[in-house]
Amino acid sequence: MRILSGIQPSGTIHIGNYFGMIKKMIESQNDGELFAFIASYHALTSVKDKESLEKNSYEAAINFLALGMDPEKSTFWIQHDVKEVLELYWILSNHTSMGLLERAHSYKDKTSRGISANHGLFSYPVLMAADILLFNSNIVPVGKDQIQHVEMTRDIANSFNNHYGKEIFLLPTAKVDEVVATVPGTDGAKMSKSYNNTIDMFTTSKQRKKQVMGIVTDSKELDEVKEWESCNIYSISKLFMNDDELANLRQRYATPGEGYGHFKLTLLEKIEEYFKPYEEKREYFLNNKKEVREILEFGASKARKIASEKMREIRDTIGLI
Ligand code: ATP
Ligand code: MG
């Protein structure tokens, strides 16, 4: 079974990415053959600055490695090192209707937030389909926001297969963990690198504190009973606390005397404790960027082998001789 996962270097990786996708991806290394890449081409839809793209790409790679990505066992590369994906993207574009792309929630969501709509952003799902189909992926672990993109991949693959009367592409399945399908951001909307509502996984204590203290709540006072059901602090705390700790937290909501600031500090401590074990390894890779580059190149050479074989089959099928 082949599992494929990608993350855009479009900003600093946050706890939504971690619980929505990275955690499952790392664990999946025991269940099947993991293909994971840093989606640098995808990031161009939002990052137009050289320094940021380079920095974010390194950071994403370093974070994955620190969290347990095993480059020997898995195939781990940066998207633009395997250019076959762009060729397939173009081929698939000709089997993708405008209507299909116009229905994409992620595109509509981003443009409605004022992110300018260029063709890259519009055709993003086609590039994602190329990522998935190029490597014959069976399973794609994603957050809820990406389910539709995996469904679109199946539509595109189906339409291609039917057209040429050949099962060239496998139909992938999205794997979503319902519990963490959408991690809310500090403003209650989906946490997103591009929405400025994140709590980052690895950052300075000062920055993390600023992010956690910035979680939006209602304006109940210290001496009032508070509701945990609809509280953003509680929804995020659920990711870091066990049942007993959560019961205790609910008790604190029900007992007047503490304010939201106190609950935020408890959460802050839990977050720091959670990611601490990975920091040493992260530090190591931060100081050994050359090694990171070599790891990615090694991964790209493995990925390219599969990609070039697949492209030969596809070209042959459609008449690109
Ligand atoms: P951008 O704002 O640039 O789209 P993003 O934060 O949405 O960034 P992506 O790189 O688009 O991150 O997504 C990486 C993975 O993380 C995907 O599998 C996506 O489903 C998952 N993911 C992103 N945000 C969340 C979230 N808030 N909750 C759960 N999963 C998420
Ligand atoms: Mg996204």
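A few notes on this one:
- When restricted to residues that are assigned to a loop (DSSP other than H, G, I, E, B), within 9 Å of ligand 1 (Cβ to nearest atom) and over 24 Å from Leu53 (Cα atoms), segment 178-188 contains 3.
- From Lys73, Lys48, Lys83, residue being within 16 Å of ligand 1 (Cβ to nearest atom), among the charged types (D, E, K, R), at negative phi and more than 13 Å from the chain's Cα centre (by Cα): Lys48
- Long-range neighbours under 7 Å by Cβ, at least six apart or interchain, first residue in a loop (DSSP other than H, G, I, E, B) within segment 147-169, second open to solvent by 10 Å² or more (accessible area, probe 1.4 Å): Lys166/Thr317; Ile168/Glu313; Ile168/Thr317
- Selection count where residues are among the β-branched types (Val, Ile, Thr), closer than 20 Å to Leu86 by Cα and more than 9 Å from ligand 1 (Cβ to nearest atom), scope segment 125-155: 4
- Yes/no for Phe240 being in contact with a helix residue (DSSP H, G or I) (Cβ under 7 Å, 6 or more places away or on another chain) and surrounded by 13 or more Cβ atoms within 10 Å (Cβ to Cβ): yes
- Any hit, segment 109-120, residues being among the hydroxyl-bearing types (Ser, Thr, Tyr) and either within 17 Å of Ile3 (Cα to Cα) or touching a Leu at 6+ places or on another chain (Cβ under 7 Å) (or both): no
- Meets criteria (of a type in the set (Gly, Ala, Ser), surrounded by 19 or more Cβ atoms within 10 Å (Cβ to Cβ) and closer than 30 Å to Glu27 by Cα) for Ala181: no
- Some residue of segment 117-124 being away from ligand 1 (no atom under 15 Å from the Cβ) and in a loop (DSSP other than H, G, I, E, B): no
- Taking (1) closer than 24 Å to Tyr284 by Cβ; (2) in contact (Cβ under 8 Å) with a residue 24 or more places away in the chain in turn, Asp31 satisfies each apart from (1).
- Some residue of segment 73-81 being closer than 19 Å to Phe135 by Cα, touching a strand residue (DSSP E or B) at 6+ places or on another chain (Cβ under 6 Å), open to solvent by 10 Å² or more (accessible area, probe 1.4 Å) and among the small types (Gly, Ala, Ser): no
- Candidate set: segment 125-146, residues that are at pLDDT 95 or above and assigned to a loop (DSSP other than H, G, I, E, B); chosen: the one nearest to ligand 2 (Cβ to nearest atom): Ser137
- Subset of segment 159-176 (residues that are within 19 Å of Arg2 (Cα to Cα) and open to solvent by 60 Å² or more (accessible area, probe 1.4 Å)): Glu167, Leu170, Leu171, Thr173, Lys175
- Selected residue [on the phi < 0 side of the Ramachandran plot, open to solvent by less than 20 Å² (accessible area, probe 1.4 Å) and either modelled with pLDDT of 95 or more or not acidic (Asp, Glu) (or both)] from Leu53, Leu88: Leu88
The values are calculated or read from the model by the stated rules, or taken from the named source; none is laboratory data. Computed from a predicted structure; not experimentally measured. Backbone-built Cβ (ideal geometry, glycine too); neighbour counts: all protein chains shown. Ligands, DNA and RNA are stripped out before the accessible areas are found, and what is left, the full protein with its side chains, is counted by its heavy atoms. Shrake-Rupley method; radii C 1.70, N 1.55, O 1.52, S 1.80 Å.
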